[in-house]
Amino acid sequence: MSEARILVTRRWPEQVERHLQETYDVQLNADDRPLTAEELQAAFRDYDAVLPTVSDRITAEVMGAEPLKARLVGNFGVGFNHIDVEAAKARSLTVTNTPDVLTDCTADLAMTLLLVAARRAGEGERHLRAGEWTGWRPTHMMGAKVTDKTLGLVGFGRIGKAVARRAHYGFGMKIVYYDAYPADPDAVAAVGAVSCSSVEEVLERADFVSLHCPGTAENRHLINAERLSIMRPHAFLINTARGDIVEEAALVTALKAGTIAGAGLDVYEFEPKVSPELASLENVVLLPHLGSATEETRVAMGMRVAQNVRAFFAGESPPDRVA
């Protein structure tokens with residue numbers, strides 16, 4: 001067994017935990033509860049590597065532990081906006097993530113939210129379970145057609161491309177997109193995607209808007225009251241990226257006012273807290289951050305972290321280093 005001491009901040013799939021325990025001195029979080037800032041800071045004093053998840057806020061204060069023992073932050077997830085990367089660099093901490101392995105499952109969930117929101121499926125299930133359904137009638141709970149509509153993507157990276165393929169080939173949707181960086185020309189051509197010059201142009205043209213941009217400081221409140229007002233009244237907003245990309249209060253106002261028809265959300269601005277107003281609305285579908293929540297994907301994410309940990313303690317460059 002390696003002498004490296006490792007803290008896993010939340011419970012991971014059993015297969016991954018066993019794999020780590022076979023090689024390292026691993027401390028698991030048996031209660032699977034969120035660690036406090038004080039507990040996380042103590043971890044940076046006591047362990048050689050800390051393996052956090054999106055629910056852990058790895059701030060400059062947390063990494064300011066003295067004396068600092070940790071050398072590696074092996075994040076379980078592709079997004080790392082919950083980690084102060086600049087502070088990590090300042091303390092010579094290596095930070096890694098888990099790209100690629102959650103692309104398909106997150107894209108699947110984005111399409112799930114799109115379809116459920118469009119066809120009012122969540123609302124319909126609640127209606128039926130409450131015993132309120134009195135039988136079929138022509139005007140009952142009419143939703144929006146998806147086939148042949150226009151899907152607007154804000155971000156055309158791995159997940160955005162995967163959503164575009166599902167929407168175009170599965171539902172004949174037309175694809176428009178905006179990305180701050182040049183998109184893969186083969187991926188663009190494959191779905192006949194049309195590049196837009198701005199986020200605003202995507203919002204103006206799309207019947208459904210799906211967000212696939214990183215949760216950076218620049219993207220905080222990217223979708224705000226002004227931009228929501230640009231969307232079509234029959235349009236739907238889908239977010240499986242990061243919660244604070246959308247200004248939640250502005251979205252509530254837009255949904256109440258009918259500025260947009262509906263939304264499908266898997267992530268939230270103040271996660272895990274969700275606005276009671278948002279939760280009370282029927283024209284929004286709410287899921288508890290399930291984008292990568294399949295057994296296959298969560299195991300693959302954990303094994304990806306393990307690969308980075310192995311490389312780091314072998315004196316190699318971790319394959320998924322972000323800092």
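The values are calculated or read from the model by the stated rules, or taken from the named source; none is laboratory data. Predicted, not measured: the structure shown is a model, and the values here were computed from it. Here the Cβ is made from the backbone with ideal geometry for all residues, glycine too, and neighbour counts use every protein chain on show.
You will find that of Gly143, Gly74, the residue that is under 27 Å from the mean Cα position of the chain (by Cα), outside the structural domain of Asp25 (by TED's automatic domain parsing) and surrounded by 14 or more Cβ atoms within 10 Å (Cβ to Cβ) is Gly143 and no other. Screening Val62, Val73 for residues that are farther than 26 Å from Ala261 by Cα and not in a helix (DSSP H, G or I) leaves exactly one candidate, Val73. Looking at Glu277, Glu271, Glu226, Glu282, just one residue is touching a helix residue (DSSP H, G or I) at 6+ places or on another chain (Cβ under 9 Å), of a type outside the set (A, V, I, L, M) and within 30 Å of Asn75 (Cα to Cα), and that residue is Glu271. Considering every residue within segment 105-127, establish whether at least one is in a helix (DSSP H, G or I), β-branched (Val, Ile, Thr), farther than 20 Å from Pro288 by Cβ and modelled with pLDDT of 95 or more. No, the conditions are met nowhere in segment 105-127. Note on segment 1-43: among residues that are in a helix (DSSP H, G or I) and of a type in the set (Gly, Ala, Ser), the one that is surrounded by the fewest Cβ atoms within 10 Å (Cβ to Cβ) is Ala37. Within segment 245-279, being among the hydrophobic types (A, V, I, L, M, F, W, C), over 19 Å from Ser292 (Cα atoms) and touching a residue at least 60 places away in the same chain (Cβ under 8 Å) holds for Ala261, Ala263. Could you pull out the residue among Gly152, Gly170 that is under 25 Å from Cys105 (Cβ atoms), in contact (Cβ under 8 Å) with a residue 24 or more places away in the chain and not in a strand (DSSP E or B)? Matching residue, one of Gly152, Gly170: Gly170.
Residues satisfying the criterion are present in segment 210-230 (criterion: part of a loop (DSSP other than H, G, I, E, B), over 23 Å from the mean Cα position of the chain (by Cα) and either more than 27 Å from Thr253 (Cα to Cα) or in the same structural domain as Gly262 (by TED's automatic domain parsing) (or both)).
In segment 118-125, the condition of being in contact with a Leu (Cβ under 9 Å, 6 or more places away or on another chain), in the same structural domain as Asp266 (by TED's automatic domain parsing), under 30 Å from Met142 (Cα atoms) and of a type outside the set (Val, Ile, Thr) is met by at least one residue. Candidates Pro288, Pro233, Pro318: the one that is buried (at least 16 other Cβ atoms within 10 Å of the Cβ) and either modelled with pLDDT under 95 or part of a loop (DSSP other than H, G, I, E, B) (or both) is Pro318.
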